[in-house]
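What follows is a single structure, written as structure tokens, with notes after it.
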Amino acid sequence: MNILIAGANGKIGRELVRLVGESARLHARAMIRDSAQASALQALGAETVVADLEGDAQAALDGVDAVVFTAGSGPHTGRDKTLAVDRDGAIALIDAAAAAGVKRFVMVSALRTRTPEQAPEKLRHYLDAKRIADDYLMATSLDWTVVRPGRLNNEPASYRVHAFECGPGIAEPGYGEIPRADVAAALAAIVPARNTVHREVGLLAGDTPIEQAIQAL
């Protein structure tokens, strides 16, 4: 399976590139904005393609079987940049995937996108942008999965998580944390997992081995 990773130079993206590079059944195509980023990602086992979410990314999808959207402006950037990447960039890549005949699309989103008013004010524009992109993806005919991690940290991977169903009418648990490295490992398990198609998957730090946690959804 050839996976286009949007946001490959981010912390989750780089770890996902590394994990996919070690897999016998998956292959990573790292989408980057700057060719200077290519060598480090190629050393992790990926091929690279230069494309911009704020421009035309159509060419990056040639020969791709799945897309993982890990790009993000982050909650600390201004509203305009957040909307350009997390909302408009995500929607543009969804449309490009559909036009290219790529069926599988995994979106890295966040918990609390449906209740941004419960989040700190500095996070609300970020969560709102994510919600719009998520809703757009879930209204398509793509084989989508929306992944909703809790608060991200940079602790080492434990390769154990608490994975749970999210969605309208389903109460989300307390807003815990999860290492970015464990989110990346969960993504590597989720992309080929057919039981995650058309589902919203929450992720927090937990005690269940990742493959087992994903299979049990």
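The values are calculated or read from the model by the stated rules, or taken from the named source; none is laboratory data. Since this is a predicted model, take the numbers as computed values, not measurements. Counting neighbours? That spans all protein chains shown, and the Cβs are built from the backbone with ideal geometry, glycine included. For accessibility, only protein heavy atoms count, side chains too; no ligands or nucleic acids. Shrake-Rupley method; radii C 1.70, N 1.55, O 1.52, S 1.80 Å.
Accessible surface comparison of LYS103, LYS130, LYS11, probe 1.4 Å, protein chains only, largest first: the order is LYS11, LYS103, LYS130. Ignoring lysines fewer than eight residues from LYS81 along the same chain, the ones with Cα atoms less than 26 angstrom from its Cα are LYS11, LYS122, LYS130.
Scattering from the range 40-125 was approximated by placing one identical point on each alpha carbon and applying the Debye formula without solvent; log10 I(q)/I(0) at 0.10 1/Å stands at -0.31.
Per residue, the chain exposes 43 Å² of accessible surface when a 1.4 Å probe is rolled over the protein heavy atoms with every protein chain present.
Each of (i) 1.15; (ii) 0.93; (iii) 1.50 is a candidate for Cα Rg over 2.2 N^0.38 Å; the one calculated from this structure is (ii). Counted by Cβ distance under 14 Å from ASP65, the other residues give a net charge of +2, where Lys and Arg count +1 and Asp and Glu count -1.
When a 1.4 Å probe is rolled over the protein heavy atoms, the share of accessible surface on the range 15-83 that falls to carbon and sulfur comes to 46 percent.
Shown for the range 144-195: the carbon plus sulfur share of the solvent-accessible area, taken with all protein chains present and a 1.4 angstrom probe, equals 53%. Beta bridges assigned by DSSP with both partners in the chain are antiparallel in approximately 20 percent of cases.
Think of it as helices only: each DSSP H run of n ≥ 4 in the chain is worth -39500 (n - 2.57), and spread over all residues that comes to -9000 deg cm²/dmol at 222 nm.
Listed values for the range 126-140 are Karplus-derived 3J(HN,Hα) couplings in whole Hz (6.51 cos²θ - 1.76 cosθ + 1.60, θ = phi - 60°), namely 5, 5, 5, 4, 4, 4, 5, 5, 4, 4, 4, 4, 6, 8, 8, and x replaces Gly and Pro. Sorted largest first by accessible area at a 1.4 angstrom probe radius, with every protein chain in place, the residues HIS125, HIS198 fall in the order HIS198, HIS125.
Highest mean packing comes first when the peptides 16-22, 50-56 are listed by Cβ atoms within 10 Å, giving 16-22, 50-56.
Protection proxy ranking, highest mean first, for peptides 105-112, 142-149, 202-209, 82-89: 105-112, 142-149, 82-89, 202-209, where packing is the per-residue count of other beta-carbon atoms within 10 Å, averaged.
For the range 90-217, the Cβ-based charge dipole about the Cα centre amounts to some 140 debye (Lys, Arg positive; Asp, Glu negative; other atoms uncharged).
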